[in-house]
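Everything on this sheet refers to the single structure shown next.
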2 protein chains.
Amino acid sequence: MTDTMPRAAVPTLDEVALLAGVSRATVSRVVNDSPRVSPEARAAVRSAIAELRYVPNRMARSLVTRRTDTIALVLNEPNTQVFSDPFFASIVRGVSATLADTDLNLVLLTAQDEREQEKIGRYARMGHVDGVILMSVHSDDPLPDILAEAGMPLVMCGRPFDDRAVSYVDADNRGGAEVATAHLIATGRRRIATITGPLDMIAGVDRLAGHRAALAAAGLQSFPQLEAEGDFTEAGGARAMESLLGRDPELDAVFVASDPMAVGALSALRVAGRRVPEDVAVVGFDDAAVATRCDPPLTTIAQPLADMTPLLTELLLRQIEGAGEAVESRVCRTSLVRRASA
Amino acid sequence: MTDTMPRAAVPTLDEVALLAGVSRATVSRVVNDSPRVSPEARAAVRSAIAELRYVPNRMARSLVTRRTDTIALVLNEPNTQVFSDPFFASIVRGVSATLADTDLNLVLLTAQDEREQEKIGRYARMGHVDGVILMSVHSDDPLPDILAEAGMPLVMCGRPFDDRAVSYVDADNRGGAEVATAHLIATGRRRIATITGPLDMIAGVDRLAGHRAALAAAGLQSFPQLEAEGDFTEAGGARAMESLLGRDPELDAVFVASDPMAVGALSALRVAGRRVPEDVAVVGFDDAAVATRCDPPLTTIAQPLADMTPLLTELLLRQIEGAGEAVESRVCRTSLVRRASA
DNA sequence: ATGAAAGCGCTAACAT
DNA sequence: ATGTTAGCGCTTTCAT
């Protein structure tokens, strides 16, 4: 099947001005909602715009304003599985909603590997976007440096590995993990395992640190065989749980560093014939308000996404408007909750 | 925590020219890999570019070339659950990979509702992108019209509802569904149910049509109570399966119009105490090569994503280069396979 | 309130 | 092979 279709002719400001019988400057003022235009002129311009179906040319405008009115949300994730983590969807939805009533556009950029990260770095530096929100950063990712060195307004979702001066918004991962493990201890558990997140991600590191801190605070020792690294996916959680059960069949509790992994861990426990929570108690850490079908309901540390997403854009916009001067960070409080089964 | 950081000064072509001791035109030629430059000049320019960390200004370039070297992949999906469908991830990954060695950039745009679709329409019309790949189109989405009327190069992933002249790439949904149901019939099943996709999406409609055609071809009648509409999610599949079992406990097979839904259906069958495939045979339709953990292995119609993603970009690029003249479509063959359990 | 004019940084003829 | 020049479509002083 082949057919043809003429490319639409794109009208310019001058054509609108001609049709409306005013100057380009006036049309520009109308388009940009300047108050210094007479009602008659405004009306004439408006109707000319409608008639010609005029849309301003972004490139021309951006060339002079130095603004694109576009911000990028970068998903830095080689693991396709993780791309479908509900956490991403929630952040995207949240940021998108925050921007809905503004005239800012949101674009998503994904990087599977270093090459794509560099491509994104170039994309941003060329002036396609006014600022960047960076998600899912791994310890060896070059993109934060590329962007920071270019002076690009930048907010990271999750604190950076080093103590660099960069804006970020994060959940209290360490504190949340402490609460989780302390809860398990409080309910009488003593052989408490953990399934960690990827340890090249700060959320993985912080949640493990919180877990260990809670054990230490209770005078419990942390054993390497009670720690298994997962990858934030359901399948990875199941594998890690199997591995833990193999290493120490007597374990009576597990703190799982993300809810998708917790769902996987629960099914691994069921396969192994362990009852939850009678034999093994489980606490998760939610990477979104996951409406998971898990029976029994999952006790979990709730990450305050509703707080985090507006902050992300707020911090970025402040940086963009303030010519990139202010670097600030926020840590949002987490809390222990019980998710009903679906 | 607050700190300051100077905004980097951005060098222009002229500054590079000055430093390299050549004209702007020569610098431009080097940047654009023109062969008409002497090796010495090229070297001088290269080092000046490196020294100044020069990056061309996209807006200025695009203003004259009328190209942005960016294409958009639009995810048209109000349902967040579906956003995490592995099908999306696979398409994004595939298109992204196809573009990796080119100097084309890919941006993802998501629309939760009509307002956001219109915003995306404006974004595209303003000249941010050279072309658009549209995914997950529902029957009442305004975006295809907005884009088509603006003369924006456009390829749809999935055929349009009406017989409009628009490029698209699709799997053979109808044919695949026919094969699926015919397979169930061939193995002796007679009370064959189906869990459909959303019927405001063409894939949902086509797969149902194929299912019905296979029944008709075998002289079997299709009953409304043996058809339940799902939403392409795992939870939706489980709900639909429960509903079907309630309406006809005697059913002996089910064709499920997507693999995530099939996973849900399998767990609903297990909960209901039905053995698979002894009591109820199941055939899915994969929305990606989903590495689903299902036991027993799932028989499914494989959608040829490896064929589809390069086609998507190929058709779009041809349209962009050919000034939007050619409209063409491709339907990729599907086949019955058996997915091993993970 | 409106228009004239300059210029954003780049590419692409056209000259040489 | 290289330089000169003329815009691309818009915003923004600066006049009026």
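The values are calculated or read from the model by the stated rules, or taken from the named source; none is laboratory data. Since the model is a prediction, treat every value here as computed from it, not as a measurement. Counting neighbours? That spans all protein chains shown, and the Cβs are built from the backbone with ideal geometry, glycine included. What goes into the accessible areas is simple: the full protein's heavy atoms, side chains included, and nothing from ligands, DNA or RNA. Shrake-Rupley method; radii C 1.70, N 1.55, O 1.52, S 1.80 Å.
What is the one condition in (1) within 10 Å of chain A (Cβ to nearest Cβ); (2) over 22 Å from residue B:321 (Cα atoms); (3) touching a helix residue (DSSP H, G or I) at 6+ places or on another chain (Cβ under 7 Å); (4) open to solvent by 10 Å² or more (accessible area, probe 1.4 Å) that residue B:60 does not satisfy?
(2)
When residues of the stretch B:18-49 are filtered for being more than 12 Å from DNA strand C (Cβ to nearest atom) and polar (S, T, N, Q), how many remain?
The total comes to 2.
Being more than 16 Å from DNA strand D (Cβ to nearest atom), over 28 Å from residue B:307 (Cβ atoms) and facing chain A (nearest Cβ under 9 Å) narrows it down to one residue among B:93, B:53, B:122, B:66; which is it?
B:53
Is there a residue in the stretch A:69-80 that is farther than 16 Å from residue A:316 by Cα, more than 9 Å from every other protein chain (Cβ to nearest Cβ) and assigned to a helix (DSSP H, G or I)?
Checked against the condition, which is being farther than 16 Å from residue A:316 by Cα, more than 9 Å from every other protein chain (Cβ to nearest Cβ) and assigned to a helix (DSSP H, G or I), the stretch A:69-80 yields no hits at all.
Within the stretch A:273-314, restricting attention to residues that are open to solvent by less than 20 Å² (accessible area, probe 1.4 Å) and of a type in the set (Asp, Glu), which residue is modelled with the lowest pLDDT?
A:287
Listed residues B:134, B:108; which is assigned to a strand (DSSP E or B) and within 12 Å of chain A (Cβ to nearest Cβ)?
Within the list B:134, B:108, the selection yields B:108.
Considering only the stretch A:105-118, how many residues are over 12 Å from residue A:74 (Cα atoms) and crowded, with 21+ Cβ neighbours inside 10 Å?
1
Tell me the strands (runs of 3 or more DSSP E) entirely within the stretch B:164-244 that contain at least 1 residues that are of a type in the set (Ser, Thr, Tyr).
In the stretch B:164-244, B:167-171, B:192-196 are the strands (runs of 3 or more DSSP E) which contain 1 or more residues that are of a type in the set (Ser, Thr, Tyr).
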